[in-house]
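Enquirer: I have a structure I would like to understand better, so I am pasting it below and will then ask my questions one at a time.
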Amino acid sequence: MTATAVVHTIDTPDGAFTLLEDEVGRVLSSGWTDSAEAVLARLSVRNRPEIARGVARNASAVEAYYAGEVRAIDAVPVRHFGTELQSVAWAELRRIAAGVPITYTELATRTGNARAVRAAASACARNAPALFVPCHRVVNSAGGLAGFAWGIPVKRALLAREAYAVLGP
């Protein structure tokens, strides 16, 4: 990929959040770090754009999310690079309602193969536009918090924020 993408870092209650956005405003990658390189590294080498600091179009959705409008991220456009199975899983992740996490088994079932739990977990692990494709809404079969590229404390905080916004105190 030879295009240039905008990288923008925002301060959030969960720490710095950096998003990488292409020229038409699709989020390519994002995460809880102030390192543009760490966010860029979530993309395969062949899909990495040149980057330039700037103001991302979708920064306002992140700010709204953290202001309590947890559905503000739902319509943010994203661009993934992956297999057909990963694409199906990523589409299903976007259908998970805030405040209502599902298990990896349920995600696998939603992709059409209930036995493909490892593939579902792998799709979560390879999800570059974190937050906008809410892989944090997937928990283990016991309801516990397992695996999150940006750390379990961030995942816990995101789930708590969404539960509070949707279900109340």
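Enquirer: Look through the stretch 1-14, keep the residues that are in contact with a strand residue (DSSP E or B) (Cβ under 7 Å, 6 or more places away or on another chain), of a type in the set (V, I, T) and under 16 Å from E63 (Cα atoms), and return whichever of them is surrounded by the most Cβ atoms within 10 Å (Cβ to Cβ).
Expert: My answer is V7.
Enquirer: Still on this structure, please answer the following. Which pairs turn up if I take residues in the stretch 51-73 that are closer than 16 Å to A157 by Cβ and look for partners that are outside any loop (DSSP other than H, G, I, E, B) and hydroxyl-bearing (S, T, Y) with beta carbon separation below 8 Å, at least 6 apart in sequence or on another chain?
Expert: These pairs meet every condition: V62/T12; Y66/T12; I73/Y65.
Enquirer: Does L107 meet the test of being modelled with pLDDT of 95 or more, in contact with a helix residue (DSSP H, G or I) (Cβ under 8 Å, 6 or more places away or on another chain) and among the aliphatic types (A, V, I, L, M)? It would help to see each step written out before you state the result.
Expert: Numbers: modelled with pLDDT of 95 or more: yes; in contact with a helix residue (DSSP H, G or I) (Cβ under 8 Å, 6 or more places away or on another chain): yes; among the aliphatic types (A, V, I, L, M): yes.
Considered against the rule, which asks whether it is modelled with pLDDT of 95 or more, in contact with a helix residue (DSSP H, G or I) (Cβ under 8 Å, 6 or more places away or on another chain) and among the aliphatic types (A, V, I, L, M), L107 comes out as yes.
Enquirer: From the list L107, L40, exactly one residue is crowded, with 16+ Cβ neighbours inside 10 Å and out of contact with any strand residue (DSSP E or B) (no Cβ under 6 Å at 6 or more places or on another chain). Which is it? Walk me through how you get there before you give the answer.
Expert: Numbers: L107 fails: out of contact with any strand residue (DSSP E or B) (no Cβ under 6 Å at 6 or more places or on another chain).
Of the residues listed, the single one that is crowded, with 16+ Cβ neighbours inside 10 Å and out of contact with any strand residue (DSSP E or B) (no Cβ under 6 Å at 6 or more places or on another chain) is L40.
Enquirer: Would you point out which residue out of A142, A163 is part of a loop (DSSP other than H, G, I, E, B) and surrounded by fewer than 18 Cβ atoms within 10 Å (Cβ to Cβ)? Walk me through it before giving the result.
Expert: Values: A163 fails: part of a loop (DSSP other than H, G, I, E, B).
So the residue among A142, A163 that is part of a loop (DSSP other than H, G, I, E, B) and surrounded by fewer than 18 Cβ atoms within 10 Å (Cβ to Cβ) is A142.
Enquirer: Right, another one. Would you say T2 is over 16 Å from the mean Cα position of the chain (by Cα), of a type in the set (S, T, Y) and either under 14 Å from F132 (Cα atoms) or modelled with pLDDT under 95 (or both)? Walk me through how you get there before you give the answer.
Expert: On the way: over 16 Å from the mean Cα position of the chain (by Cα): yes; of a type in the set (S, T, Y): yes; either under 14 Å from F132 (Cα atoms) or modelled with pLDDT under 95 (or both): yes.
Against the criterion (over 16 Å from the mean Cα position of the chain (by Cα), of a type in the set (S, T, Y) and either under 14 Å from F132 (Cα atoms) or modelled with pLDDT under 95 (or both)), T2 qualifies.
Enquirer: In the stretch 75-103, what residues are assigned to a loop (DSSP other than H, G, I, E, B), among the charged types (D, E, K, R) and farther than 15 Å from S30 by Cβ?
Expert: Pass one, the stretch 75-103, residues assigned to a loop (DSSP other than H, G, I, E, B): 75-77, 79-83, 94-101.
If we keep only those that are among the charged types (D, E, K, R) as well, we get 79, 94-95.
Matches in the stretch 75-103: R95 only.
Enquirer: Any residue in the stretch 15-29 that is surrounded by 18 or more Cβ atoms within 10 Å (Cβ to Cβ) sitting within a Cβ distance under 8 Å of a residue that is assigned to a loop (DSSP other than H, G, I, E, B) and among the acidic types (D, E)? List the pairs, counting only those 6 or more apart or interchain.
Expert: These pairs meet every condition: T18/D34; L28/D22.
Enquirer: Conditions first: (1) within 20 Å of V166 (Cα to Cα); (2) crowded, with 16+ Cβ neighbours inside 10 Å; (3) at pLDDT below 95. L93 passes all but one, so which condition is the exception?
Expert: (3)
Enquirer: If you don't mind, there's one more thing I want to ask. Kindly indicate whether E37 is without any contact (Cβ under 8 Å) to a residue 12 or more places away in the chain, out of contact with any helix residue (DSSP H, G or I) (no Cβ under 7 Å at 6 or more places or on another chain) and assigned to a helix (DSSP H, G or I).
Expert: Details: without any contact (Cβ under 8 Å) to a residue 12 or more places away in the chain: yes; out of contact with any helix residue (DSSP H, G or I) (no Cβ under 7 Å at 6 or more places or on another chain): yes; assigned to a helix (DSSP H, G or I): yes.
Against the criterion (without any contact (Cβ under 8 Å) to a residue 12 or more places away in the chain, out of contact with any helix residue (DSSP H, G or I) (no Cβ under 7 Å at 6 or more places or on another chain) and assigned to a helix (DSSP H, G or I)), E37 qualifies.
The values are calculated or read from the model by the stated rules, or taken from the named source; none is laboratory data. Everything numeric in this text was worked out from a predicted model, so none of it was measured. For neighbour counting, all protein chains shown are included, and Cβ atoms are generated from backbone atoms with ideal geometry for every residue, glycine included.
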